[in-house]
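Throughout, read-outs are computed from the coordinates displayed, never taken from laboratory work. Everything numeric in this text was worked out from a predicted model, so none of it was measured. All Cβ positions, glycine included, derive from the backbone under ideal geometry; neighbour counts span all protein chains shown.
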Amino acid sequence: MGKYIIKRLIISIFTILAILLLLFLLLELLPGTPFNDEKLTEEQKAVVMEKYGLDKPVLVRFANYIHLMLKGDFGVSYTMQKNMPISKMLKPRIQVSISIGLQAVLLGTIIGLVLGIIASLKHNTWLDSVASIISVCGVSIPSYVFALALAYLLGYKLKLFPILFNPSNAAKSSVMPTIALSMFTVATVSRFLRSEMLEVFGSDYILLAKSKGISDSRLIVRHGLRNAMIPVITVLGPLVVSLMTGSLVVEKIFAIPGLGSLFVTAIQVNDYNVVIAAAFIYSVMFIAVMLVVDILYGIIDPRIRLAKEEK
């Protein structure tokens with residue numbers, strides 16, 4: 001397993017470098033520059049481009065950027081907050097996005113597991129129907145619809161939580177965004193777990209375990225849930241990254257100063273350094289989560305770990 005993790009880390013590093021290079025090339029194709037002020041003459045624009053090193057060939061800029069990035073320097077913002085270090089811009093936004101995202105993942109996963117287990121154990125009963133309805137609603141209805149409904153009911157009508165995000169009261173302000181973002185996770189986890197648990201409970205080894213007198217709780221956790229978790233973890237990995245990096249519409253509804261809104265704004269104004277830094281964070285988080293998923297595969301099912309070690 002150790003060799004496999006090292007191999008994945010090496011592949012991940014080259015993948016991130018390839019993503020950064022691709023970003024540099026794509027940004028070259030975007031119309032305009034970070035300095036599209038009509039008041040600037042062409043000569044002034046050329047001076048500014050030279051000042052920030054944007055007049056150099058793309059491969060030279062890429063090599064310089066990687067060199068500085070290894071020192072923890074992501075450059076400065078060109079237009080959004082002129083000359084402000086990117087690290088200072090990203091730090092508070094990353095904290096907010098990751099905090100709300102992790103809360104949504106934990107809430108959605110716990111509720112989804114409970115619903116999935118209940119639906120599989122109470123197959124073809126009213127409890128199964130209720131769990132299925134919740135799953136269908138969670139998948140079909142966008143998160144921003146839940147966000148608007150929660151803002152109207154819990155924020156405007158009942159006044160239980162602030163509608164707009166307040167950093168001084170982050171715990172209370174994050175309740176509604178967390179619930180809105182968690183609904184898709186609830187639906188996805190419960191649907192996959194229900195179908196996998198039904199398949200597992202219908203297998204021969206479960207019938208054999210029942211005949212040996214194994215208790216229902218041990219049967220569910222040790223045999224049923226453990227074997228059904230592989231597909232659930234597979235779909236949960238990308239969801240974790242998407243929630244941790246934030247939903248742009250949900251952030252807009254609750255005025256959350258997260259990473260998603262910063263990323264989109266940076267693209268609109270051609271703030272190259274902000275775009276590349278945010279994309280780098282997305283890439284690192286996604287690769288890290290998928291590496292954790294692979295490790296969990298080996299923990300849950302030793303056969304997967306042995307197969308990887310043999311390779």
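Partner lysines whose Cα lies under 22 Å from the Cα of Lys122, excluding those fewer than 8 positions away in the same chain, are identified as Lys210. Ordered by the count of other Cβ atoms within 10 Å of each Cβ, fewest first, Tyr282, Tyr78, Tyr272 give Tyr282, Tyr78, Tyr272. One decimal place: the segment Ile10-Gln81 gains 22.1 nm when fully extended, by the rule 0.36 nm per residue minus the C-alpha distance. Summarising the amide proton neighbourhood of Val76: residues at separation of 5 or more, or on other chains, whose placed amide H is nearer than 5 Å comprise Ile86. Between Asn166 and Thr125, the modelled label-to-label distance comes to 4.4 nm, taking each label 7 Å out from Cα in the direction of the beta carbon. Pairs of lysine residues in region 2-86 that meet both criteria, 8 or more places apart or on different chains and Cα atoms under 28 Å apart, total 12.
On full extension, the segment bounded by Glu43 and His67 gains 5.7 nm, given 0.36 nm per residue less the C-alpha separation. Among Ser140, Ser247, sorting on how many other beta-carbon atoms sit within 10 Å of each Cβ, with the fewest leading, yields Ser140, Ser247. Restricting region 127-191 to trypsin sites (Lys or Arg not before Pro) that sit in a DSSP loop and have at most 16 other Cβ atoms within 10 Å of their own Cβ leaves Lys159. Of all lysines in the structure, those lying under 23 Å Cα to Cα from Lys157, and not within fewer than 8 positions of it along the same chain, are Lys172, Lys252.
Could you tell me whether region 2-86 comes out rounded, prolate or oblate from its Cα gyration tensor? Rule is a ≥ b ≥ c as square roots of the eigenvalues, rounded for a/c under 1.5, then prolate if a/b exceeds b/c, otherwise oblate. Taking the square roots of the gyration eigenvalues as a ≥ b ≥ c, region 2-86 is prolate. Based on C-alpha pairs under 8 angstrom that are at least 6 apart in sequence, region 2-86 has a relative contact order of 20 percent.
A simple spin-label model places pseudo-atoms 7 Å from Cα toward Cβ; at Leu153 and Asp55 they are separated by 6.0 nm.
In terms of other Cβ atoms within 10 Å, Ile253, Ile11 run from fewest to most in the order Ile11, Ile253.
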